[in-house]
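Notes for the one structure printed next.
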Amino acid sequence: MYTVRIPKVINFGKNALGETEYPKNALVVTTVPPELSDKWLAKMGIKDYMLYDQVKPEPSIDDVNAVISQFKDKNPSTLIGLGGGSSMDVVKYAAPEMKKEKILIPTTFGTGAEMTTYCVLKFDGKKKLLREDRFLADMAVVDSYFMNGTPEQVIKNSVCDACAQATEGYDSKLGNDFTRTLCKQAFEILYDAIMNNKPENYPYGSMLSGIGFGNCSTTLGHALSYVFSNEGVPHGYSLSSCTTVAHKHNKSIFYDRFKEAMKKLGFDKLDLKADVSVAADTVMTDRGHLDPNPIPISKEDIIKCLQDIKSGNL
């Protein structure tokens, strides 16, 4: 038997942000300053809310605890994660701790976090990938409105992330016919959008990718990427090389087109400061990504992948 988990309600498409009805006395959690969040909140049309805008990029459990301690006595009706993966991950963890429902509204399109049971937070300075049913949104709102004004590099990193998730999810041993259908369709939409300059289609492709990989897993590319992320490389940027090399190693059906899409996006070569053997040991501990990989992975395989990434041998 297979089980697929998605948010109770998904509002998507043009004007979804403004046409959604938001509960009164909601707590909006974001990372951005008021000059930006004020515009977003006005577009939402939300009237009765509290705002917490101190979430840091690459958030930790400390960010979650700060939200809970500051607002638990104010008894918000709902928590709304408004922003990238950072804001949504904090709400995913904080809302069930506060016994509140959660609405997730992505403003960048790559993580697919609004669709998944995954939550990524730092504990003791190290990223940890958590997966629990309680992290699933009660409602997700996906609107391409946020594409306007988003820095080009953020868009590039985000769409790379979505492409990596879709293609790795398709290859995952934990996948099934339903998830593979969604992942394949997601990549088709994203690839077409990248190659034919149709960024307005990124949000829909990312949404499908989130549902697809969120019900199976990502694989080798993501395992490789975290050693670069730990050195401060943006996640999407690291996947441009890591997932390409992973697809080459796995002989993925997506290798050629993924590589072509990354070339069109124009990512630079990655560097790794850590010793390759030490980094490989770190990667090998990531069983959550390596166990679902379509073929078994040894430390020697990891070293070869990291060397290829460093040399640009994609």
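In table form, for the structure just shown:
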read-out	value
Scope the range 275-314; condition hydrophobic (A, V, I, L, M, F, W, C) and under 25 Å from the mean Cα position of the chain (by Cα); matching residues	Ala279, Ala280, Val283, Met284, Leu290, Ile295, Ile297, Ile302, Cys305, Leu306, Ile309, Leu314
Some residue of the range 81-93 being in contact with a helix residue (DSSP H, G or I) (Cβ under 7 Å, 6 or more places away or on another chain) and under 19 Å from Gly13 (Cα atoms)	yes
The lone exception for Pro199 - which of (1) under 20 Å from Asn293 (Cα atoms); (2) open to solvent by less than 60 Å² (accessible area, probe 1.4 Å); (3) touching a residue at least 40 places away in the same chain (Cβ under 8 Å); (4) not hydrophobic (A, V, I, L, M, F, W, C) it fails	(1)
Per-region count, the range 151-181, residues open to solvent by 30 Å² or more (accessible area, probe 1.4 Å) and not acidic (Asp, Glu)	10
Any hit, the range 301-310, residues being closer than 27 Å to Cys119 by Cβ, modelled with pLDDT of 95 or more, buried (at least 24 other Cβ atoms within 10 Å of the Cβ) and in contact with an Asp or Glu (Cβ under 8 Å, 6 or more places away or on another chain)	no
Failed criterion for Val28 (all others in (1) surrounded by 14 or more Cβ atoms within 10 Å (Cβ to Cβ); (2) free of Cβ contacts under 8 Å to residues at least 60 places away in the same chain; (3) in contact with a helix residue (DSSP H, G or I) (Cβ under 9 Å, 6 or more places away or on another chain); (4) over 13 Å from Ile103 (Cα atoms) hold)	(4)
Selected residue (only one of Thr244, Thr179 is touching a Lys or Arg at 6+ places or on another chain (Cβ under 6 Å) and assigned to a helix (DSSP H, G or I))	Thr244
Qualifying residue in the range 266-284 (condition: open to solvent by less than 40 Å² (accessible area, probe 1.4 Å), modelled with pLDDT of 95 or more, within 16 Å of Leu190 (Cα to Cα) and not in a loop (DSSP other than H, G, I, E, B))	no
Those residues of the range 102-127 which are outside any loop (DSSP other than H, G, I, E, B), farther than 18 Å from Leu17 by Cα and free of Cβ contacts under 8 Å to residues at least 60 places away in the same chain, in sequence order	Cys119, Val120
Subset tally (residues that are open to solvent by less than 10 Å² (accessible area, probe 1.4 Å) and either at pLDDT 95 or above or closer than 16 Å to Cys305 by Cβ (or both)) for the range 230-263	13
Matching residues, the range 132-154, being in a helix (DSSP H, G or I) and among the small types (Gly, Ala, Ser)	Ser144
Looking only at the range 182-196, and only at residues there that are open to solvent by less than 10 Å² (accessible area, probe 1.4 Å) and either in contact with a Gly (Cβ under 9 Å, 6 or more places away or on another chain) or not in a helix (DSSP H, G or I) (or both), the one that is farthest from Thr219 (Cα to Cα)	Ala193
Test: residue in the range 207-229 that is open to solvent by 20 Å² or more (accessible area, probe 1.4 Å) and more than 21 Å from Leu129 (Cα to Cα)	no
Among the residues listed as Glu97, Glu58, the single one being open to solvent by 70 Å² or more (accessible area, probe 1.4 Å), in contact (Cβ under 8 Å) with a residue 12 or more places away in the chain and under 16 Å from the mean Cα position of the chain (by Cα)	Glu58
Unmet requirement for Pro292, which otherwise passes all of (1) closer than 23 Å to Lys173 by Cβ; (2) part of a helix (DSSP H, G or I); (3) open to solvent by less than 20 Å² (accessible area, probe 1.4 Å); (4) in contact (Cβ under 8 Å) with a residue 40 or more places away in the chain	(2)
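For (1) closer than 27 Å to Val28 by Cβ; (2) of a type in the set (A, V, I, L, M), each residue gets a yes or a no:
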residue: Thr150; (1), (2): yes, no
residue: Gln165; (1), (2): yes, no
residue: Ser172; (1), (2): no, no
residue: Phe178; (1), (2): no, no
residue: Leu182; (1), (2): no, yes
residue: Tyr191; (1), (2): no, no
residue: Ile194; (1), (2): no, yes
residue: Lys198; (1), (2): no, no
residue: Val227; (1), (2): no, yes
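The values are calculated or read from the model by the stated rules, or taken from the named source; none is laboratory data. Computed from a predicted model, the values in this text were never measured in an experiment. All Cβ positions, even for glycine, are placed from backbone atoms using ideal geometry, and neighbour counts span all protein chains on display. All accessible areas refer to the heavy atoms of the entire protein, side chains included, with ligands and DNA or RNA removed. Shrake-Rupley method; radii C 1.70, N 1.55, O 1.52, S 1.80 Å.
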